[in-house]
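Student: Have a look at the structure that comes next, please.
The values are calculated or read from the model by the stated rules, or taken from the named source; none is laboratory data. Just so it is clear, the model here is predicted, and its values are computed rather than measured. FYI the Cβ positions are ideal-geometry reconstructions off the backbone, even for glycines, and counts take in every protein chain you see. To get the accessible areas, we keep the full protein, side chains included, count just its heavy atoms, and leave off ligands, DNA and RNA. Shrake-Rupley method; radii C 1.70, N 1.55, O 1.52, S 1.80 Å.
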Amino acid sequence: PHCNVHVVQYKGEIWNDDLRFRNFLRDHPDWARKYAQLKQRITKNGVGTLLEYSAQKAPFIAEILKIV
């Protein structure tokens, strides 16, 4: 099986952004559904690499982080 490990600074900017994003999705199931649909669409379109996959999700994540 494949895995992807993220290592970030404890309580650093990325750490805090990840938690804010996660908490927002937990509190807003409609946005969580949109995010899941986006990820499915990306993979169905045959994304080539993990970096490309992440880049295609980035605008959605940035939009959420502006809200929270």
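Student: From the set of residues in the stretch 56-68 that are under 19 Å from Arg20 (Cα atoms) and of a type outside the set (Val, Ile, Thr), which is most open to solvent (accessible area, probe 1.4 Å)?
Tutor: So, considering only residues that are under 19 Å from Arg20 (Cα atoms) and of a type outside the set (Val, Ile, Thr), the one most open to solvent (accessible area, probe 1.4 Å) is Lys66.
Student: Check the stretch 35-52 and report whether any residue there is in a helix (DSSP H, G or I), open to solvent by less than 50 Å² (accessible area, probe 1.4 Å) and of a type in the set (Val, Ile, Thr).
Tutor: There is at least one residue in the stretch 35-52 that is in a helix (DSSP H, G or I), open to solvent by less than 50 Å² (accessible area, probe 1.4 Å) and of a type in the set (Val, Ile, Thr).
Student: Here's another thing I want to ask about it. Quick one: would you say Ile42 is modelled with pLDDT of 95 or more, among the β-branched types (Val, Ile, Thr) and out of contact with any Asp or Glu (no Cβ under 9 Å at 6 or more places or on another chain)?
Tutor: no
Student: Criterion first (outside any helix (DSSP H, G or I) and in contact (Cβ under 8 Å) with a residue 40 or more places away in the chain) does Asn23 satisfy it?
Tutor: No.
Student: Also: How many residues, within the stretch 1-20, are open to solvent by less than 100 Å² (accessible area, probe 1.4 Å) and part of a loop (DSSP other than H, G, I, E, B)?
Tutor: 3
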